[in-house]
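Below you'll find the structure, written out as structure tokens, and then a few comments.
The values are calculated or read from the model by the stated rules, or taken from the named source; none is laboratory data. Being a predicted model, the structure only gives us computed values, none of them experimental. A quick note on method: Cβ atoms are made from the backbone with ideal geometry, for glycine too, and the neighbour counts reach across all protein chains shown. For the accessible areas, the whole protein counts, side chains as well, though only heavy atoms, and no ligand, DNA or RNA atoms are used. Shrake-Rupley method; radii C 1.70, N 1.55, O 1.52, S 1.80 Å.
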Amino acid sequence: VKGGFASFMDKEIHDQPKAVADTLLGRTDPRGALVLDELRIPEATLRSIDKIIVIACGTAAYSGHVAKYAIEHWCRIPVEVELAHEFRYRDPIVGPRTLVVAISQSGETMDTLMAVRHAREQGASVLAICNTHGSTIPRESDAVLYTHAGPEVAVASTKAFLAQVAACYLLGLYLAQLRGTKFPDELREILEDLHALPDKIQRVLDDEEAVRHVAQKMADEESFLFLGRHVGYPVALEGALKLKEIAYIHAEGFAAGELKHGPIALVDEGQPVFVIVPSPRGRDQLHAKVVSNIQEVRARGARTLVIAEDGDEAVVPYADVVFRVPQTPSLLAPLVAVVPLQIFACALATAKGLDVDQPRNLAKSVTVE
Ligand code: F6R
């Protein structure tokens, strides 16, 4: 069942090119326009929404966090991302022009389900992004966009996360198409970039030995920090969560710009810090800003583990280790950037002799509030 891998988590990490390809499959017509057949919310409703609220928990919420950057950029619709258990117990502003997107691998997470019910009671349309056919959350939603990651067995989510992010991109591109916020040729170009991702993820997996090797040597570390900006920020949060969950190591993700507002005080001699570096080909200042963040932590003694694009030489002088990922347009980069972090956590936990598939105190689906 594990297909020759030491754990389900390891296998599921390697399933990711297929999980993303399958999630993208069959969602375009012969002219290259997106068709989301399952999306049974009337087009008129989708045209009139003035706000999207993503509700989810844990890793699924981080996929929503990536979605926010992409959907706001492509569709110019404000997107809020909220942990489902927080959403429900405040007094959220939700109405008929709100689209609530509930993301859940299992479709059974009680916190998310209760938030779905609450949103529908307030008159919102609810779209579920879910990996499990016939589960409760899609059944109680107005529409569902299934991720096709296949069953995920390991408690720590990996391939479901990538499939959730891919599904969010499809939703964003579909809304941009419907609302005319992007030209058809721009949309086609982004879709082509998206379809190139499974091969790029495979290339990251082909280089996994380098990541494993470093992870195995760091099994005795007590704490890791993860820094990222823009879509690299949710990737940092997800990298930290994986390490906490399966390796039981204290790990925290930060928005890199937040460093000087407090967290940099944590950095002292030898502190390992992962930094997710955006593409140097982006049109903004992000790359330069993140490179200077690496310098800042390095100057205070940090050991820097840098995730950077192929060909990005600017990071080399400040990196103790560089893990390379293929060149990818900024908004889509989480699909490659998170993979070394998953491999790292899995290899480190395995080196500690832990059961990576069944971490202590956790269940695969959390069906209690
Ligand atoms: C982390 C993890 C959890 C889940 C969360 C939501 O690796 O697996 O954080 O992502 O409990 O679960 P679903 O997606 O089933 O609603």
> What's the extension gain from GLU80 to VAL366 if we count 0.36 nm per residue and subtract their Cα-Cα distance?
Replying inline: 100.6 nm
> Stretch GLU313-ALA44 to full length: gain in nm at 0.36 nm per residue minus the Cα-Cα span?
Replying inline: 92.0 nm
>> Cut-off 15 Å, label point 7 angstrom out along Cα-to-Cβ of ALA219: give me the residues of the range 294-323 whose amide nitrogen falls inside.
In response: none
> Are any of the pairs LYS200/LYS260; LYS51/LYS159; LYS18/LYS244; LYS2/LYS352 more than 23 Å apart by Cα-Cα distance, and if so, which?
Replying inline: LYS200/LYS260; LYS51/LYS159; LYS18/LYS244
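Ordering THR158, THR132 from largest to smallest accessible area (1.4 angstrom probe), what's the sequence? Before the final figure, lay out each step's value.
Numbers: THR158 0, THR132 50 Å².
Largest accessible area first, the residues go THR132, THR158.
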>> In whole Hz and in residue order, list the ³J(HN,Hα) couplings for the range 183-191 that follow from phi through the Karplus curve 6.51 cos²θ - 1.76 cosθ + 1.60, θ = phi - 60°; x for Gly and Pro.
In response: 6, x, 6, 5, 4, 4, 5, 5, 4
> Of LEU286, LEU25, LEU227, which has the largest mean-square fluctuation in a 10 Å C-alpha GNM of the chain?
Replying inline: LEU25
> Based on the mean of other beta carbon atoms within 10 Å per residue, what is the order of 306-318, 61-73, most packed first?
Replying inline: 61-73, 306-318
> Taking the chain as a Gaussian network, Cα atoms linked when under 10 Å apart, which of GLY58, GLY253, GLY228 shows the biggest mean-square fluctuation?
Replying inline: GLY58
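How much length is gained on full extension from PHE183 to ASP268, taking 0.36 nm per residue of separation minus their Cα-Cα distance?
That pair, PHE183 and ASP268, stretches by 25.7 nm at full extension.
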>> Can you order the peptides 201-209, 276-284 by their average number of other Cβ atoms within 10 Å per residue, highest first?
In response: 276-284, 201-209
> Got a number for the accessible area of THR45? Probe 1.4 Å, square angstrom, nearest 10.
Replying inline: 40 Å²
> Along the charge dipole of the range 190-312, which of ALA255, ALA265, GLY282 sits closest to the positive end, that is, farthest toward it, with unit charges on the beta carbon of Lys, Arg, Asp and Glu (+1, +1, -1, -1)?
Replying inline: ALA265
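Report, for the range 7-100, the % of DSSP beta bridges that are antiparallel, rounded to 5.
Expressed as a percentage, antiparallel bridges in the range 7-100 total about 10.
Can you give the FRET efficiency to the nearest 0.05 for GLU121 and ALA299, using r as the Cβ-Cβ distance and R₀ = 51 Å? Please report the intermediate quantities before stating the final value.
Working: r = 53 Å, r/R0 = 1.03.
Calculated value: 0.45.
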> Near the amide H of GLU309, under 5 Å away, which other amide H atoms are found, from residues 5 or more places off or on another chain, if H is placed in the peptide plane?
Replying inline: VAL325
> For the range 1-157, what relative contact order do you get, as a whole percent, if you take Cα pairs closer than 8 Å and at least 6 residues apart?
Replying inline: 24 percent
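Which whole-number value in Å² is the accessible area per residue of the chain, probe 1.4 Å? Before the final figure, lay out each step's value.
Working: 15040 Å² over 369 residues.
Accessible area per residue: 41 Å².
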> Any idea what the relative contact order of the chain is, in percent, if you count C-alpha pairs under 8 Å spaced at least 6 apart?
Replying inline: 19 percent
>> With a 1.4 Å probe and all protein chains kept in place, how much accessible area does VAL214 have, in Å² rounded to the nearest 10?
In response: 20 Å²
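In debye, nearest 20, what is the charge dipole magnitude of the chain about its Cα centre with +1 on Lys and Arg Cβ and -1 on Asp and Glu Cβ, if you could check?
Dipole about the Cα centre, nearest 20: 500 debye.
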> If one computes the Cα centroid of the range 244-276 and of the range 125-176, what distance in Å separates the two points?
Replying inline: 30 Å
> Taking the chain as a Gaussian network, Cα atoms linked when under 10 Å apart, which of LYS217, LYS242, LYS11 shows the biggest mean-square fluctuation?
Replying inline: LYS217
> Is the shape of the range 54-119 rounded, prolate or oblate, going by the alpha carbon gyration tensor and its root eigenvalues a ≥ b ≥ c, with a/c under 1.5 for rounded and a/b larger than b/c for prolate?
Replying inline: oblate
